[in-house]
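Reviewing the structure listed below.
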Amino acid sequence: MNTPQRPVVPGPSIMPATEAHPGVRPAPGETPRQVPRTGEWRRAAAPEAAKRDASRADWIDERIGVTGLNAKYGRKAFPVHTTFFLGEMASFSFIILVVTGIYLGLIYIPSSAPVLVDGQELPEAYASVRLIESIPVANLFRNVHHWAAHVMVLSTLLHLIRIFFFGSYRKPRELNWIIGVVMLILTLVAGFLGYALPFDSYAVTATGIGYSIARSIPFVGTVAAELFFGGAFPTLGSLPRLYTLHIFVVPALIALTTAAHILLVIKNKHSQPGYARKLAEPGRVLGVPAWPYQALLAGQLFLLMFGALFILSALFEIHPLAAYGPPGPGTPAVKPDWYLLWVYGFLDIVPASLTLTTPIGTIGPQFIGGIVFPGIIFTVIFLAPWLDRTNRGRDVPRYEYLQPPAQAPVRLTIGVGLLTYIGMLFVAGYHIELGLSIAQTWYLSLIVPAVVMAATYGIARKRDPAWSRRFDPAAEDEEEEVLYVEAPRGD
Amino acid sequence: MEELTDRRDPRFSGPEVDEHWMVNRRRALKWLIRAGYGAFALAFALPALALRALSQQQTEVASGDALVYASNAGGRPGGEPVMANDLAVGEGIQAFPQGKTDNQSNLIEVIRLADGEGAEGLVAYSAICTHLGCVVYAGLNQDGNIACPCHNSQFDPSEDAEVTGGPADRALPSIEVSVTPEGIIAVAGQFSGPVGPA
């Protein structure tokens, strides 16, 4: 029997020009070659099966027109660069959270009513989480759920940092920046709501602090807090309310904003590294098509993440019930997870003397530390596209390429400064353990970012590293090593 | 010549009318629709307010309530009555009014500052931090202050629990205690102010 003939593709492995994507320039002296389109391998390897596939595809196509969909979206080019996968990691974490969350929801009971377990009176939710812990696979899923939450916040944050430092929030992507920051806030809210569910001592303390912060909002605080927390926390109404928000309202909002986010990426196209300009015509994106190459990469990434989370969960148990025990009359000394620790740190060092009495109510340190301060930080982040000098005025160009951080020293300095300041608030969260007084913490949290910012600015003004030039769309071609996107080669 | 009544007719030359304030059918209907939106929003907002009222009926501290240990403290099991003689000078414990353990806000911090007959030398405060509602540590810290585990607010028990450090902006509310003939510490008044973050 003959070995099936595969299409052998001569020529350099360069992302080729195709009918749907004519935008790639061949390297000088080279003739562009065709990369096999989807299905070509199979038609060559198993013609009979390919025919069956085709007839099935026709059946579906005549009814819902997937070929058109593939022609429109399947050929969307995705730039291939490590940092371009951070957003995908965030959405994959979300999928993992939904899958594991559904499983946990089969066992979990959102009720704080007391039940007798082995002669001990426990909140029903706590008892149900204890049941989850006693089932090995459920316990594994609970750990994966918890770890995935950390990964989701982290990858969302890194995604935002990457977009910021490379100036990709500028025209025409301002709206997507806003949506992205909203998604970060939703992710943080989802994480916070998840704290409450096991209803252990930690959960009651952390959620109680959130409740008190919400109540400290002048004028609307009490109503808002009791609406959000289902009455004066903790009551029997609290857990069902927080549970609904955690498993339905916030995830639904995350799913909707994710859809809007991706649609806008399709509409505006990816911003790309400068080297793409040397291979793709202006207005076209250098990358691999969504189907099948990007889908394959993304699928691998998803499976890799899922596997890694399982290994992580198997090796490092996170927040077991026994660590804090059922809620009692006392409050354990707790600190929130890293992604809320900066707010905690600020609450720790905001002086009590900041209390103001206004006609609409008292503005206390709780409101300033828990609402006003994070509000200011997020407002600054929201307004980044409008604070950026290069994005102002009527005749702002459409920024289609990343701007290397070294070429935007002011942006780099502000970003690094803000990150350092947030880092110093982590220190503020541990100021007692570190033996720092509140005054010392204040000085440190202002001096360290200032020093780091000065150093960053100095270095950024002096140096223009080679990798930075590679990202620069305006860089000269000569010393640039042309980057080829590897396409599968026939063997 | 026929009389022109239609103001939209270009030949019309009636008295000048400020168009902006003219009521016509289109404007009236637009306002009606806007009012409809408003009513629709209100129809959602009002039931949402009703959702708040899921709070349970909770017990309140009353004068005369005997105090029981909130949890195990120094070999004395939770639920046992707090005897005035049990407390050493400088010791602080936390107690609930008997039978009123359902409401965390009833938690009372009792501290013996000095030896004395009856309630002399004893002080009692709400154990709920006025910053963000955590329960303060039962025991005093090395400076002799009541400290909160959450954000390290500190209160001086010998000075009406005035704030001596940290982010809290209000003293812990105090409460009078007396000692019954059996030697049990009991509540003898009300909290001097709102419990927890106001």
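The values are calculated or read from the model by the stated rules, or taken from the named source; none is laboratory data. If you're wondering where the values come from, they're calculated on a predicted model, not measured in any experiment. Note: ideal-geometry Cβ built from the backbone for every residue, glycine included; neighbour counts use all protein chains shown.
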### Message
So, A:R162, is that one surrounded by fewer than 21 Cβ atoms within 10 Å (Cβ to Cβ) and touching a helix residue (DSSP H, G or I) at 6+ places or on another chain (Cβ under 7 Å) or not?
### Response
yes
### Query
Within the stretch A:369-413, can you find the residues that are in a helix (DSSP H, G or I), farther than 21 Å from A:P449 by Cα and either within 14 Å of chain B (Cβ to nearest Cβ) or aliphatic (A, V, I, L, M) (or both)?
A:G370, A:I371
### Task
Sort through A:Y344, A:Y339 and tell me the only one that's in contact (Cβ under 8 Å) with a residue 24 or more places away in the chain, outside any loop (DSSP other than H, G, I, E, B) and either of a type in the set (S, T, N, Q) or away from chain B (no Cβ under 14 Å) (or both).
A:Y339
### Message
I'd like the full set of residues that are touching an Asp or Glu at 6+ places or on another chain (Cβ under 6 Å) and within 14 Å of another protein chain (Cβ to nearest Cβ), limited to the stretch A:287-325.
### Response
A:Y324
### Query
If you take the residues in the stretch A:112-135 that are assigned to a loop (DSSP other than H, G, I, E, B) and touching a Leu at 6+ places or on another chain (Cβ under 7 Å), which one is farthest from A:I318 (Cα to Cα)?
A:A113
### Summary
When restricted to B:A127, B:A168, B:A138, the only residue closer than 28 Å to A:L434 by Cβ, more than 20 Å from the chain's Cα centre (by Cα) and buried (at least 23 other Cβ atoms within 10 Å of the Cβ) is B:A138
### Query
Quick one: would you say A:E486 is modelled with pLDDT under 70 and exposed (fewer than 11 other Cβ atoms within 10 Å of the Cβ)?
no
### Message
I'd like to check something: does the stretch A:355-362 contain any residue that is within 30 Å of A:V117 (Cα to Cα), loosely packed, with under 15 Cβ neighbours inside 10 Å and either more than 24 Å from the chain's Cα centre (by Cα) or within 14 Å of chain B (Cβ to nearest Cβ) (or both)?
### Response
no
### Task
Report the residue count in the stretch B:87-104 for those that are buried (at least 18 other Cβ atoms within 10 Å of the Cβ) and within 15 Å of B:A138 (Cα to Cα).
7
### Message
Being more than 11 Å from every other protein chain (Cβ to nearest Cβ), among the hydrophobic types (A, V, I, L, M, F, W, C) and either assigned to a strand (DSSP E or B) or touching a residue at least 24 places away in the same chain (Cβ under 8 Å) (or both): is that true of B:L132 here?
### Response
no
## Note on the structure
The residue from A:K51, A:K72 that alone is farther than 18 Å from A:Q294 by Cβ and free of Cβ contacts under 8 Å to residues at least 12 places away in the same chain is A:K51
### Query
If we keep just the residues of the stretch A:414-449 that are hydrophobic (A, V, I, L, M, F, W, C) and part of a loop (DSSP other than H, G, I, E, B), which is surrounded by the fewest Cβ atoms within 10 Å (Cβ to Cβ)?
A:L434
### Task
Return yes or no: is B:A186 more than 8 Å from chain A (Cβ to nearest Cβ), within 23 Å of B:V89 (Cα to Cα) and touching a Ser or Thr at 6+ places or on another chain (Cβ under 6 Å)?
yes
#### Entry: Residue list for the stretch A:38-69, restricted to those being within 38 Å of the chain's Cα centre (by Cα) and not in a helix (DSSP H, G or I)
A:T38, A:G39, A:G65
### Task
Can you tell me which residue within the stretch B:65-86, out of those that are more than 14 Å from chain A (Cβ to nearest Cβ) and among the aliphatic types (A, V, I, L, M), is surrounded by the fewest Cβ atoms within 10 Å (Cβ to Cβ)?
B:M83
### Query
Can you tell me which residues in the stretch A:218-261 are more than 13 Å from chain B (Cβ to nearest Cβ), over 23 Å from A:L104 (Cα atoms), in a helix (DSSP H, G or I) and touching a residue at least 12 places away in the same chain (Cβ under 8 Å)?
A:T257, A:T258, A:A260, A:H261
### Query
All but one of (1) touching a Leu at 6+ places or on another chain (Cβ under 7 Å); (2) of a type outside the set (A, V, I, L, M); (3) loosely packed, with under 15 Cβ neighbours inside 10 Å hold for A:Q300; which doesn't?
(1)
### Query
Do we have B:A161 as among the hydrophobic types (A, V, I, L, M, F, W, C), surrounded by 21 or more Cβ atoms within 10 Å (Cβ to Cβ), within 11 Å of another protein chain (Cβ to nearest Cβ) and closer than 25 Å to A:E433 by Cα here?
no
### Task
Kindly indicate whether any position in the stretch A:98-112 is without any contact (Cβ under 8 Å) to a residue 24 or more places away in the chain and more than 30 Å from A:H159 (Cβ to Cβ).
yes
## Note on the structure
A:G283 passes all but one of the listed conditions (1) more than 14 Å from every other protein chain (Cβ to nearest Cβ); (2) surrounded by 15 or more Cβ atoms within 10 Å (Cβ to Cβ); the exception is number (2)
